[in-house]
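Working notes for the structure below.
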Amino acid sequence: MVVTVANVREILVGVKAGALPDATITRWIRVAGIIVDSNKGEHVEDSERDDAVCTMAAYYSLTSYATYLQTSAGRVPNAIIAQMAELSKASSVLLSILSRADGAMAPAGTLVVPTASLIDDRG
């Protein structure tokens, strides 16, 4: 399976399609793929890799959405903040597990929250 925008949207609870453009999610899928591929062990199954990419892309996409909400509405709903925390934990755990496969070193720290939104507002 290749991770798609639809796969990421399945994870994002309460985010309307129009509020988070496909282009933004596509960028985060690409970034998550680079991060996972550069940290995973040699014998990681494709399905495990895809789960990690999808979860991480959902986290980063939701972070972009939260940044947009903060900028446009002045606040981020608690449900979005809670979902971001859960996706961050899940992404970190998955990346750690995949990086230990074949004795690879697990990455230190947690996921870094992007400082700028990558929401494509050009239409």
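How about the stretch 18-76: which of its residues are free of Cβ contacts under 8 Å to residues at least 24 places away in the same chain, of a type in the set (Lys, Arg) and in a helix (DSSP H, G or I)?
Our first condition is that a residue be free of Cβ contacts under 8 Å to residues at least 24 places away in the same chain; within the stretch 18-76, this holds for 18, 22, 26, 30, 34, 37-38, 45, 66, 69-70, 72-76.
Okay, now just the ones that are also of a type in the set (Lys, Arg), so 30, 75.
Correct list: 30 only.
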Residues being closer than 11 Å to residue 91 by Cβ, under 9 Å from the mean Cα position of the chain (by Cα) and either surrounded by fewer than 21 Cβ atoms within 10 Å (Cβ to Cβ) or among the hydroxyl-bearing types (Ser, Thr, Tyr) (or both) - total across the stretch 31-62: 3
Of the criteria (1) at pLDDT below 90; (2) surrounded by 15 or more Cβ atoms within 10 Å (Cβ to Cβ); (3) assigned to a helix (DSSP H, G or I), which one residue 102 fails: (2)
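Condition first: crowded, with 18+ Cβ neighbours inside 10 Å and in contact (Cβ under 8 Å) with a residue 60 or more places away in the chain. Now tell me which residues in the stretch 77-88 satisfy that.
The first filter runs over the stretch 77-88 and keeps only residues crowded, with 18+ Cβ neighbours inside 10 Å, leaving 80, 83-84, 87-88.
Correct list: 80, 83, 87.
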Residues satisfying the stated conditions in the stretch 2-30, i.e. crowded, with 16+ Cβ neighbours inside 10 Å and among the aliphatic types (A, V, I, L, M): 3, 5, 8, 11, 12, 15, 20, 25, 29
Residues that are touching a Lys or Arg at 6+ places or on another chain (Cβ under 9 Å) and of a type in the set (Asp, Glu), drawn from the stretch 23-60: 37, 48
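The values are calculated or read from the model by the stated rules, or taken from the named source; none is laboratory data. Computed from a predicted model, the values in this text were never measured in an experiment. Note that we place each Cβ from the backbone using ideal geometry, even for glycine, and neighbour counts take in every protein chain shown.
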